[in-house]
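I have placed the structure first, in the form of structure tokens, so that the comments after it can refer back to it.
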Amino acid sequence: MGCCCYAAGKKGRAGFNFGSCYSILATTKYPDETYEMVKFFAGKEGASIFAKSGYFTPSLKAVANSDVFLKSVPPDNEKAFLEGMSYGHKFPFTVHYAEMMTQINQELQLVWSWS
């Protein structure tokens, strides 16, 4: 299995970049411990653990460009995800996000099912 970048159209390539984030509840009973956990996840060691899973593109360039990510799991071309960052746009989160995603996914289902 592999992956590739989006094909370029008349105006070039485009796509959406998604992200994950960590936060600490202001009312946590464990602020120091929670801070240390978030600091670990956002650091090189934590980012490497997530990179090995293949579910996340690391936010740290040093990890994203390392074999930890690039040779983690299929697909065989993890560099395509890194290249996509250069032409990706923020996803348009709106009050109608769920409705919008339902429509997008219905249309994409036609593509994925070869209909």
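Computed from the coordinates by the stated procedures, all read-outs in this text should not be read as laboratory data. Since the model is a prediction, treat every value here as computed from it, not as a measurement. Cβ placement follows ideal geometry from the backbone for every residue including glycine, while neighbour counts extend to all protein chains displayed.
Report, in deg cm²/dmol and to the nearest 500, the calculated mean residue ellipticity at 222 nm for the chain, where each DSSP H run with n ≥ 4 adds -39500 (n - 2.57) and the sum is divided by the residue count.
-12500 deg cm²/dmol
How high is the relative contact order of the chain? Use alpha-carbon pairs under 8 Å, at least six apart in sequence, and give a whole percent.
The value is 33 percent.
Once the dipole of the chain is set up with Lys and Arg at +1 and Asp and Glu at -1 on Cβ about the Cα centre, which of Ser72, Tyr97, Met85 lies farthest towards its positive end?
So the residue we want is Met85.
Test of understanding: ordering Lys79, Lys61 by Cβ neighbours within 10 Å, fewest first, what list do you get?
Sorted ascending by nearby Cβ count, the order is Lys61, Lys79.
Is there a quick way to get the dipole size of region 15-112? I mean about its Cα centre, with the Cβ of Lys and Arg at +1 and of Asp and Glu at -1; what is the value in debye to the nearest 20?
180
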